[in-house]
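Report on one structure; see the data block that follows.
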Amino acid sequence: MYQDKTLVCRDCGAEFMFTAGEQEFFAEKGYHDPVRCRECRNSKKNARREKVSYHAVCAECGKETEVPFIPKNDKPIYCSECYARMRNR
Ligand SMILES: [Zn+2]
Ligand SMILES: [Zn+2]
C-alpha cells in the first residue's frame with residue numbers, strides 16, 4: 001500500500017508531503033509524482049491567469065470575449081468561435 005512520503009520542491013527546495021491518498025490518486029490517473037510544492041503550483045497557476053486580456057464584445061454574435069490586446073474602435077473584435085468560423089470560410 002501507499003505511504004506518505006516527503007518530496008522536495010523543484011522550484012523552491014521546500015519539502016512537502018505527498019500523502020498516500022494523493023499517491024493513489026496520481027497512480028490511478030497515471031500522473032507522475034509532483035515535482036513542486038502546493039505553493040509553487042498555485043503561484044504558477046495564478047501567473048498564468050494574470051495574462052493580460054481586455055474585455056470586448058464580439059462584432060458578429062455580440063458575446064463577451066477577451067482579447068490579448070486593447071480593442072480599437074475601428075476594428076471589429078470577434079470571439080474565438082466567430083474568428084475561427086470566418087477563417088475557415
Ligand atoms: Zn515550492
Ligand atoms: Zn462571436
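The values are calculated or read from the model by the stated rules, or taken from the named source; none is laboratory data. None of these values were measured; they are calculated from a predicted model. Cβ coordinates were reconstructed from backbone atoms using ideal geometry, including for glycine residues, and neighbour counts include every protein chain displayed.
Hey, any hits in the stretch 55-66 for a residue that's over 22 Å from the mean Cα position of the chain (by Cα), loosely packed, with under 10 Cβ neighbours inside 10 Å and outside any loop (DSSP other than H, G, I, E, B)? Within the stretch 55-66 (the criterion being over 22 Å from the mean Cα position of the chain (by Cα), loosely packed, with under 10 Cβ neighbours inside 10 Å and outside any loop (DSSP other than H, G, I, E, B)), the answer is no, since none of the residues qualifies. If the condition is being part of a helix (DSSP H, G or I) and in contact with a strand residue (DSSP E or B) (Cβ under 7 Å, 6 or more places away or on another chain), then the stretch 22-45 contributes only Arg38. On the given criteria, is Met1 of a type outside the set (Val, Ile, Thr), at pLDDT below 90 and within 16 Å of ligand 2 (Cβ to nearest atom)? Against the criterion (of a type outside the set (Val, Ile, Thr), at pLDDT below 90 and within 16 Å of ligand 2 (Cβ to nearest atom)), Met1 does not qualify. Screening the stretch 28-43 for residues that are exposed (fewer than 13 other Cβ atoms within 10 Å of the Cβ) and touching a residue at least 24 places away in the same chain (Cβ under 8 Å) and picking the one that is farthest from ligand 1 (Cβ to nearest atom) gives Asp33.
Taking residues in the stretch 65-85 that are closer than 11 Å to His55 by Cα, and partners anywhere that are part of a helix (DSSP H, G or I) and at pLDDT below 90, the pairs with Cβ atoms closer than 8 Å and at least 6 places apart or on different chains are Thr65/Ser80.
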